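Read through the structure below, which is laid out as structure tokens, and then see the notes.
The values are calculated or read from the model by the stated rules, or taken from the named source; none is laboratory data. This structure is a prediction, so every number in the text was calculated from the model and none was measured. Glycine also receives a Cβ, built like all others from the backbone with ideal geometry; neighbour counts cover every protein chain displayed. SASA here: full protein model, heavy atoms, side chains in, ligands and nucleic acids out. Shrake-Rupley method; radii C 1.70, N 1.55, O 1.52, S 1.80 Å.
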Amino acid sequence: MPFIDTHCHIYEFKNIGAVIRRALEKGVYKIIAVGDDPESNKQVLLIYEKYPNIVLPSIGYHPWEAAKATKEDIEEFKRQVEENLEVIVGLGEIGLDKRFVRGEEKLERQRIVFNVAVELAKEYDLPLNIHSMKTEKEILNVLLKKDITKAVFHWYTGSYEILRKIIEVGYYISVNLSLRYSLRAKEVANRTPLGLILLESDSPYYFKGEYSTPVKVVKVAELLADVKEIDIKTVEYVTTRSAQLLYSI
């Protein structure tokens, strides 16, 4: 069974075709392309049109961008979701960030956008791809209050207590190349059942000097296999099957 990259900012690459070819050569057959705002969402949808069997669009509004969102921007985001329901596989990257975005006014804008995404996810039965930075508890409470059943906490770095609750509910977490050097990332992966873990590149991104592209999820799988002390074929099968189930691929 091939691999799925569940979190890639593919629109940021200049050589998208080469990036996709390299991924396919190494067995990464699906790339979930996240958007970060209405403009990048447009780009993601255009890339999907060019690579419809490989790139799967996930329309989002990153909290860093949501902190600047106007009412018109939010309406555009809603329109993009509702007009592309036949092709999008999820919503995200979406969430809240108190670490890199400071100020109550900006945080409140993030909350408005996040709540819009949650309502859309609920109405259209779409999974949420969540950015939670020092906001894990607040986000979890919103998801539970709204009875959201499909969500993945992208690159989870929160407390083990909240992680335990995330696991109890049955939400996923995604892991990346930080498994190479981060003891916390390794412990999060160790504490999370394999069936609730997804692989991601979060590319393009430098993980302490190592440049990530979608093909790197193969290495992420190897790192996860080491953490779990299991064979990579098991990691490949279980994580791919989980991604297929969550995103209805």
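Here are the numbers:
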quantity: Debye intensity ratio in log₁₀ form over the Cα atoms of the stretch 38-101, taken at each q of 0.11, 0.12, 0.14, 0.28 Å⁻¹; calculated: -0.26, -0.31, -0.41, -1.23
quantity: DSSP bridge pairs, the stretch 125-222: antiparallel proportion in percent, nearest 5; calculated: 25 percent
quantity: Pairs from Lys26/Lys208; Lys14/Lys208; Lys50/Lys134; Lys186/Lys208; Lys78/Lys146; Lys78/Lys145 whose Cα-Cα separation, in the structure shown, is over 26 Å; calculated: Lys50/Lys134
quantity: The stretch 1-59: radius of gyration and largest Cα-Cα distance (Dmax), Å; calculated: 10.6, 34
quantity: Karplus (6.51, -1.76, 1.60) ³J(HN,Hα), θ = phi - 60°, over the stretch 89-106, in Hz, Gly and Pro reported as x; calculated: 9, x, 10, x, 7, 9, x, 9, 9, 9, 7, 9, 10, 10, x, 5, 5, 5
quantity: Protection proxy ranking of 129-138, 2-11 - average other beta-carbon atoms within 10 Å, highest first; calculated: 2-11, 129-138
quantity: Principal axis dimensions, the stretch 1-107 - Cα atoms, whole angstrom, descending; calculated: 46, 31, 26
quantity: Accessible surface, the chain, averaged per residue in Å² (probe 1.4 Å); calculated: 45 Å²
quantity: With all protein chains modelled, accessible area of Phe100 [1.4 Å, Å²]; calculated: 120 Å²
quantity: Heavy-atom accessible area ranking, 1.4 Å probe, most first, across Glu108, Glu65; calculated: Glu108, Glu65
quantity: Filtered trypsin sites (Lys or Arg not before Pro), the stretch 51-116: DSSP coil and at most 13 other beta carbons within 10 Å; calculated: Lys68, Arg99, Arg102
quantity: Extension reserve of the Arg79-Glu161 stretch, reckoned as 0.36 nm per residue once the Cα distance is removed; calculated: 25.8 nm
quantity: Heavy-atom accessible surface of the chain: percent carbon and sulfur, 1.4 Å; calculated: 50 percent
quantity: Cα-centred dipole magnitude for the chain, charges only on beta-carbon of K, R (+1) and D, E (-1), debye, nearest 20; calculated: 680 debye
quantity: ³J(HN,Hα), Karplus 6.51/-1.76/1.60, whole Hz, each residue of the stretch 225-237, x for Gly, Pro; calculated: 4, 5, 4, 7, 6, 9, 7, 5, 4, 5, 4, 4, 5
quantity: Kirkwood Rh, Cα atoms: Rg over Rh of the stretch 89-163; calculated: 0.94
quantity: Beta bridges per DSSP with both ends in the chain, % antiparallel, nearest 5; calculated: 10 percent
quantity: Most to least accessible of Ser182, Ser203 (protein chains only, probe 1.4 Å); calculated: Ser182, Ser203
quantity: Using a Förster distance of 35 Å, the FRET efficiency for Lys14-Tyr181 (Cβ separation, nearest 0.05); calculated: 0.85
